[in-house]
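Student: Pasting a structure here, questions to come.
The values are calculated or read from the model by the stated rules, or taken from the named source; none is laboratory data. The shown structure was predicted, so the numbers you read here are calculated from the model rather than taken from an experiment. Cβ placement follows ideal geometry from the backbone for every residue including glycine, while neighbour counts extend to all protein chains displayed.
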Amino acid sequence: MNPGTVFRLDGKVAVVTGGGSGIGRASADVLAAAGARVVVADLDAQSAEATTAGIKENGGEAVARQVDVADPAAVTALIDETVSGLGQLDVLVNNAGIMIRRPLTEVPPEEFDRVLSVNLKSVLYGSQAAARVMRPGSSIVNTLSTIIDFATAGTGSYAAAKKGGEALTRTFAVELGARGIRVNGVAPGWTDTGITRERHTDSSGRFEQDRFDELAGKMATVSPLRTVAEPVDSAYAVLYLASEASRFVTGHVIRVNGGASMT
Ligand SMILES: NC(=O)c1ccc[n+]([C@@H]2O[C@H](COP(=O)([O-])OP(=O)(O)OC[C@H]3O[C@@H](n4cnc5c(N)ncnc54)[C@H](O)[C@@H]3O)[C@@H](O)[C@H]2O)c1
């Protein structure tokens, strides 16, 4: 193997959910830069188009798809249309996610349901559909979170979903291993993206930069490296797990959190 080519994805097809923003957008960009044809899937059609346009400007190949990952039929259609349109599916990044902060004692059933549907059930739906069409050598990568290692107030629904995502990652890895399909997770630490910015955007849509910077500074102290992540930090881990470089790695979670947790 040549370290100069082992990370290349020429001839491969990748689907990235939540590819319109943040870590998903960075992942789509990096996979495309490595040679993959990328299907950028997002609830927000405009943002998916923007990612796709950026990839094309840089000489890559991408198509945008609007999808709600909480809808199993829509996720199955996304995977099936990828195979009928682009001929194959080699990499699935189950990345779309939302966070709704509320103490567990106050979480209403429909909110708990939505958080689990978008963050957890989507991993089941996507991986089931992908498993039906993937060939040996394919890879599924799930975006989890450092929350799998910590308990913090107000994030219980999200933590339940991400911890469940870790369980799905490991079980799918066991069940699909004999078919040569690898399943791994990336658990980002605090990263400047839509999810983290949303918390500091008031009801009129005004972004509170000072409070955001203050929180980023506080989050930086959690890591021995004394900094927070950029979306591309997780994207490079996604590339590793998508590529031949990780051909003997499955059921594993890479913590891209600057050492904030070392499980
Ligand atoms: N930012 C962080 O600090 C952080 C830390 C750990 C894990 N994560 C995880 O990273 C992943 C990406 O989030 P991000 O931080 O880039 O946030 P982001 O808000 O920038 O991106 C999330 C994307 O998912 C899309 N999305 C939301 N609901 C969807 C649905 N139902 N169907 C399809 N697309 C949907 C959004 O439109 C958005 O484009 C999420 O799974 C998140 O939980 C983020």
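Student: I'm trying to understand the selection: among the residues of segment 244-263, which are out of contact with any Lys or Arg (no Cβ under 7 Å at 6 or more places or on another chain), part of a loop (DSSP other than H, G, I, E, B) and surrounded by 19 or more Cβ atoms within 10 Å (Cβ to Cβ)?
Tutor: Asn257, Gly258, Ala260
Student: Look at Gly185 and say whether it is in contact with a Leu (Cβ under 8 Å, 6 or more places away or on another chain) and of a type outside the set (Lys, Arg).
Tutor: On the way: in contact with a Leu (Cβ under 8 Å, 6 or more places away or on another chain): yes; of a type outside the set (Lys, Arg): yes.
For Gly185, the condition - in contact with a Leu (Cβ under 8 Å, 6 or more places away or on another chain) and of a type outside the set (Lys, Arg) - is met.
Student: For segment 178-196, state whether one or more residues are more than 25 Å from Leu124 (Cβ to Cβ), hydroxyl-bearing (Ser, Thr, Tyr) and more than 22 Å from the chain's Cα centre (by Cα).
Tutor: Within segment 178-196 (the criterion being more than 25 Å from Leu124 (Cβ to Cβ), hydroxyl-bearing (Ser, Thr, Tyr) and more than 22 Å from the chain's Cα centre (by Cα)), the answer is no, since none of the residues qualifies.
Student: Could you say whether any residue in segment 216-235 is farther than 30 Å from Ile181 by Cα, touching a residue at least 40 places away in the same chain (Cβ under 8 Å) and within 13 Å of the ligand (Cβ to nearest atom)?
Tutor: No - not one qualifying residue is present in segment 216-235.
Student: Does segment 3-21 contain any residue that is outside the structural domain of Val123 (by TED's automatic domain parsing) and of a type in the set (S, T, N, Q)?
Tutor: Yes: segment 3-21 contains one or more residues that are outside the structural domain of Val123 (by TED's automatic domain parsing) and of a type in the set (S, T, N, Q).
Student: Tell me, which helices (runs of 4 or more DSSP H) wholly within segment 11-112 include 3 or more residues that are among the hydroxyl-bearing types (Ser, Thr, Tyr) and within 16 Å of the ligand (Cβ to nearest atom)?
Tutor: Once the helices (runs of 4 or more DSSP H) in segment 11-112 are filtered for at least 3 residues that are among the hydroxyl-bearing types (Ser, Thr, Tyr) and within 16 Å of the ligand (Cβ to nearest atom), what remains is 45-57.
Student: Separate question: Asp68: surrounded by fewer than 23 Cβ atoms within 10 Å (Cβ to Cβ), among the acidic types (Asp, Glu) and modelled with pLDDT of 95 or more, yes or no?
Tutor: On the way: surrounded by fewer than 23 Cβ atoms within 10 Å (Cβ to Cβ): yes; among the acidic types (Asp, Glu): yes; modelled with pLDDT of 95 or more: yes.
Answer is yes for this residue.
Student: Sticking with this structure for a sec: Just one of (1) more than 19 Å from Leu31 (Cβ to Cβ); (2) surrounded by fewer than 17 Cβ atoms within 10 Å (Cβ to Cβ); (3) not small (Gly, Ala, Ser) trips up Leu176, so point out which.
Tutor: Status for Leu176: all satisfied but (2).
Student: Something else now. Yes or no: Thr171 among the hydroxyl-bearing types (Ser, Thr, Tyr), more than 17 Å from the chain's Cα centre (by Cα) and more than 19 Å from Val186 (Cα to Cα)?
Tutor: It is false that Thr171 is among the hydroxyl-bearing types (Ser, Thr, Tyr), more than 17 Å from the chain's Cα centre (by Cα) and more than 19 Å from Val186 (Cα to Cα).
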